[in-house]
1. Listed here are the pairs A:K271/A:K314; A:K191/A:K349; A:K131/A:K191; A:K142/A:K264; which of them are more than 29 Å apart at the Cα?
2. Taking neighbour Cβ counts within 10 Å as the exposure measure, how do A:D231, A:D696 sort from fewest upward?
3. Go through the range A:302-307 residue by residue and turn each phi into a ³J(HN,Hα) via Karplus (6.51, -1.76, 1.60, θ = phi - 60°); whole Hz please, and just put x for glycine and proline.
4. For A:Y374, A:Y53, which order do you get if you count the other beta carbons within 10 Å of each Cβ and list the fewest first?
5. Which semi-axes, in whole Å and largest first, does the equivalent ellipsoid of chain A have when worked out from the alpha carbon gyration tensor as the square roots of 5 times its eigenvalues?
6. Which is the longest part of chain A that has none of the GluC sites (Glu not before Pro) sitting in a DSSP loop with at most 10 other Cβ atoms within 10 Å?
7. Considering only DSSP beta bridges where both residues belong to chain A, give the percentage that are antiparallel (nearest 5).
8. Over chain A, what relative contact order in percent results from Cα pairs under 8 Å that are six or more residues apart?
Amino acid sequence: MNFNEIEKKWQKYWLDNKSFEAVTGSDKEPYYILVEFPYPSGSGLHVGHVRSYTAQDAKARMMRLKGYNVLYPMGWDAFGAPAEQYAIKNHIHPKDAVKENIKTFKNQMMSLGFSFDWDREFSTTDPEYYKWTQWQFLEFYKHGMAYKEKVPVNWCPNCKSVLSNEDAAGGVCERCGEQVIQKEKSQWMLKMSEYSEDLLKGLDDTHFAPKVKLGQINWIGKSTGVELDVDIVDGGKFSVFTTCIETIYGITFFVIAPDGKLIKELLPRVKNKEEVLNYIEETKKKSNMDRTELNKGKTGCILEGIEAIHPITKKRVPIFLGDFVLGDYGTGAVMAVPSHDQRDFEYAKAHNIEMIQVIEGKDTTSSAFEKQDYLNTGAKLINSEEFNGLTVEEAKEKITEKLINMGIARKVNNYKMRDWIFSRQRFWGEPIPMIHCDKCGWVAMDEKDLPLLLPDVANYEPTEDGESPLANISDWVNTKCPKCNGPAKRETDTMPNWAGSSWYFLRFMDPKNTHEFASMSAMKYWNKVNWYNGGMEHTARHLLYARFWVQFLYNIGLVPNKEMIDVRVSHGMVLGSNNEKMSKSKGNVINPDDIIKEYGADVLRTYEMFMGDYEQDAPWSTETLKGCKRFIDKVIKLKDKVVDGNEISKSLEKIINKSIKKIELDYDNMSYNTIVSTLMILTNTYLEQEKITKEDYRILLTLLNPIAPHVTEELNEMIGNTPIVKSSWPKYDEEKTIDDTIEIGVQVNGKLRGSIKVTNDMSDDEVINLSKNQENVKKHIEGKEIIKTIVIKRRIVNIVVK
RNA sequence: GCAGGUAUGGCGGAACUGGCAGACGCGCUAGACUUAGGAUCUAGUGGAUUCUUCCGUGCAGGUUCAAGUCCUGUUACCUGCACCA
């Protein structure tokens, strides 16, 4: 059997017959299965893609056989740095590079037989698509959700571009690994922080995997506490945020952020201006990395000439500057309680500041007694006037109450999640459809003029000064103000690559729509993405951006649900055979094309499903792959045993029914590896038979079809059946999944001593008698007193003796 | 440091609400067929053993007639976040 030929044959058949067309509005029940669309990079499809695409493909094919109207689409996330860099490196226009790469990817996907509805294909770089990305940006802008602000941003000196906090995680550039530094730049921002609470609450309406939900919760980073006003001697005040208001009597100093607004206000009153300014400058030079990893020493200096007043005791308290306080979190200032916070403790030691212990229970001369150690332990307050003797939990309430009554505090939630920096100094992204006019300021482009196309130019490399390459193209930049018609300039920054992927799953529901990004009726029909799969590396950010985007659209009435993704799961990586991440430098990369050529797409698909727990990483093993080839060969060999017959063989009835049931359950649990092993067992059982009927064979082929679609279609055709793709999933009969007689173990004192065959109608007494008559069991209970006998139906017998 | 996850033969991994640990596959051993085998088929394969048992799911305890599974403690590795007040 020439698998290359039959694979091509069936791929053509499916395409010609539109076998996988998803029809919006069909009477069948809709089911939307999604995989993350890839960056069409120059290196082609990775075996990791094959794993998740096959898993979802098998699910899609199975659901179609079960009668669902399945939407399983594919497209291309082709904007962004990887495509641009590839183009620069290979000296071609990104547009052409992307076209080329998409072709490669699509061919590879075709050769794997994925059942995508190719009629719905699009790329985020298509003007017909990014027109709507731009249109949605304007919606953000019109609703006050997009704004431009000069902010200290993460800057990658190598890529010459601004990075979002997410892209600069850990203080290094996500793309090139270069150290990120801080730079002030005027950037478009989306007010994602306004959605913190909604994004948190919305998780309840989803069925994301627990670890995925947790990832979201961690990014949002909610903490509940108290914002407290603090007066300054000789006038003025500032606020601090704390989650430990119970330690208020332990305050011995305040610390404010060197990069925050507060210090700018206070600066005129500071006496040691030079020292303070020096420290501020120093902080600016430090990258994120320095502030977190390399420089945990508690640097800083006191603000001379400024003192705070303790809100309750009215004592004078010094104020310090310290870069362990962040300007953009909370109020940019903290109350420092060195006895009960390790950072404050270290700072106090470094600057010789006194400490007051206010919670009893630990010696605080060498380290702080922190909240994670005292909370919920019944620890009591000391040195806290009328609150002495209260537990921490009681004091938290009482002190908060007192401060609120005094009018100097309020309960506040803070979130780590910041606004989304939406500007990139890049060529290869969606142009931001904004125009700056000296008279009118920022003006949104007219919707009618969208899409704002990227200019066709030869030079698209980033400029030295960090401006977008678009800034050099004066034809494009110079335009007229939509408001006053005077001379104006276009925004030259482009959108981040996360933009296009934040709503692509909506477009798939209605990809050809020319007058809206997707019609409400189409979105209502498909309702939600039922099952979304992607890598763990995207679960935090991409999912958060996409959910934010959708929630915004929902709030302005443009999508039917606040959450448009119901189930989200993440697959494990395919590692190299040495158990390390596949990479060119390690020489452990497996190219799917080579495997398809040598073993066929069906074997590769089967193997990737079989290789291990779907959510866990798994190393590549060509040996195991060969085992899967043997399995497929066995299925082919079975054809020689087939005799006419439209009934299931009596001898196979049980195992067939059991297998169908097991496989359905496994699809729900994403246990793809046990689906394959169940099919292997079924095949092995068939092989033991003298003859099998056409019906036996047809059922096996149908069950295997979602995973190995080509060879099963071919074999099915050879025995004269209509194509599986036009048939339906076999039904099982619950009654026939139960064996009449089974063998169960017999234990004595919990140790296995024998086994017996039992039938369904046997009474417990009969089972016990049978057990006791077992040779080996007899030996172990002889001359001993039987204390207890436990019979678990169809499972086990345990005789307890003394 | 914080949060989460994982730990089962030589290897990848099975084991539903606690109920015969090691399914299935790889590898290995022996045999058959072969000029040949890196093809195929058959049998075996957790360890130890006095051949009947004993020991075995990271480690130490506990609950139970019964624990990979539940509880307490602990170790190692992986992932994410990381001076977030």
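1. Numbers: A:K271/A:K314 23 Å; A:K191/A:K349 39 Å; A:K131/A:K191 22 Å; A:K142/A:K264 32 Å.
Check vs 29 Å cut-off fails for A:K191/A:K349; A:K142/A:K264.
2. Details: A:D231 16, A:D696 26.
In increasing order of surrounding Cβ atoms, one gets A:D231, A:D696.
3. 7, 8, 6, x, 10, 9
4. Numbers: A:Y374 21, A:Y53 26.
Fewest-to-most ranking of A:Y374, A:Y53: A:Y374, A:Y53.
5. Values: eigenvalues 661, 348, 100 Å².
Equivalent ellipsoid of chain A: 57, 42, 22 Å, largest first.
6. On the way: sites that count: A:E354, A:E464, A:E647, A:E690, A:E782, A:E785.
Longest gap between qualifying sites, sites excluded: A:1-353.
7. Working: 69 of 93 bridges.
Antiparallel bridges: around 75 percent, rounded to the nearest 5.
8. Details: 1439 pairs, mean separation 110.7, N = 802.
It comes to 14 percent, rounded to a whole number.
Only the coordinates and a few stated rules stand behind these numbers; no lab work does. Remember, it's a predicted structure, so these values are computed and weren't measured experimentally. Cβ atoms come from the backbone with ideal geometry, glycine included; neighbour counts cover every protein chain shown.
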